[in-house]
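The block underneath contains the structure these notes are about, expressed in structure tokens.
Just so you know, all these numbers are worked out from the coordinates, no wet-lab data involved. These numbers were taken from a predicted model, which means no experiment stands behind them. Don't worry about glycine lacking a Cβ; one is built from the backbone with ideal geometry, like all the others, and counts go over all protein chains shown.
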Amino acid sequence: MNWGRSVLWHWLFFTAKAKMSEIHHGGGFDVVSVPVTRSLADKINRGIWKKYLLLILLTIGLAEVRDNAIAQEVVVSGDVLTDPDAGVGVKPNPWNAGYVLYVGASQQGALSISNGGIVFLGTDNPTGSFKHSRIGVFSGSVGDVIVTGEGSTFNFGNLLVVGESGTGSLTIENGARVVNDGIAIDGSVPRSAIGLSPGGIGVVRVAGTDSFWAPGERLLVGQGGTGTLGIAAGGTVQSSVAVAIGRLAGGDGTVTVQGTDALLDTGQNLFVGLGGTGSMTVANGGSVRSAGITEIGGGEGLASQSILPGAGTGTVVVTGSGSILAAGDVLNVGSRGNGTLTVGEGAVVSSGSIGKRYHQSRRWHLAG
């Protein structure tokens, strides 16, 4: 065998061997390995090596196809609308989705961001208005967005709605991040809502170490529809001004913060059952932080964030070793509506003061 052919053979063989091992163990294919024998080397020398070379090249090509399929970082399918229109299919990474993104506008649509994929709204709205993303927009629609894996990022612009009048879900896991533009546009601050309008159903789940969601200045869970937020071990949701759970009459919001290093940081204010029905459970080492006012069962709201006063029903349970509700400067239970706070064994609730203004109905349950 001459020197050039020998080099080519060894390069092809070891490349193919690595690829075949990769496919066999991780790619879901069964490939017969090519043995290296003196007989094979003799056949190559005699000039009939081409069929082996073809097999090797085919193996390498098969592996590359498999690798490319796994590396599809941004995939859009079904009823997904963007402005400007970008259609569906596999998208480049990073992907600029324009200034409007609807996932599940009137039918069923999905967006998957994985393996370090990045999606952002990077085009200025020609009307001068804000950029926005909506999941499960009109009645009867179903929208699903999954952001998974370290480095995977979704920047939703200025507004994110999960479950507007349809059904929407957002999953943030395995170190992925969902963030906002961080600036007010046309007087509109960055913000998010789960279950915005009557009939709307929204579900958001944040789980896994370094998984993170920055909803903006305010997060509304169950604004006028049904909203559910689950934060599992390692996940963080960080608002900058306020979180309202069950904001308006008819709104139903549920928040669960459960597991080690699961954190809900409201920024300043927390309202549970403000004008509607709200419930929050902090368990098994989860934490909720509020630096300003925490109100359970009605409250004065926050005019600066267009969060109006209400006389709703709020229930909070803090239970399990290491579970913490840091309620900020003031904790009000049932200040305008009906409020219940239950503190289980091993849990901690702290506040600068306990208020009772406009007291209507409140209940405290202490255990352990």
Net charge near Gly208, counting Lys/Arg +1 and Asp/Glu -1 over other residues with Cβ under 15 Å of its Cβ? -2
Built amide H within the under 5 Å cut-off of Gly334, gap 5+: Ile296, Gly297, Gly339
Label zone at Ala291, where the point sits 7 Å out along the Cα-to-Cβ direction: the stretch 319-344 residues whose backbone N lies under 13 Å: 328-329
Using the alpha-carbon centroid of each, what span in Å lies between the stretch 263-289 and the stretch 223-247? 7 Å
Interchain or long-range residues, amide H under 5 Å from Ile118's placed H: Trp95, Thr153
Subtract the Cα-Cα distance of Asn96 and Thr260 from 0.36 nm times their separation in residues, and report this length gain in nm to one decimal. 55.5 nm
Residue span Val88 to Ser321: 0.36 nm per residue of separation minus Cα-Cα distance leaves a gain in nm of 79.2 nm
For the peptides 286-296, 302-312, what is the packing order when you average, over each peptide's residues, the other Cβ atoms within 10 Å and list the highest mean first? 286-296, 302-312
Antiparallel bridge percentage (DSSP; both residues within the stretch 175-271; nearest 5): 5 percent
Mind listing the phi-derived Karplus ³J(HN,Hα) values for the stretch 275-285, rounded to whole Hz, using 6.51, -1.76 and 1.60 with θ = phi - 60°, and x for any glycine or proline? x, x, 10, x, 9, 9, 10, 10, 9, 6, x
Full extension from Ala249 to Asp124: what is 0.36 nm times the residue separation minus their Cα-Cα distance, to one decimal in nm? 41.5 nm
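Can you tell me the dipole magnitude for the stretch 163-320 around its Cα centre, using point charges on the Cβ only (Lys, Arg +1; Asp, Glu -1), in Debye to the nearest 20?
Using only the charged Cβ atoms, the result is roughly 140 debye.
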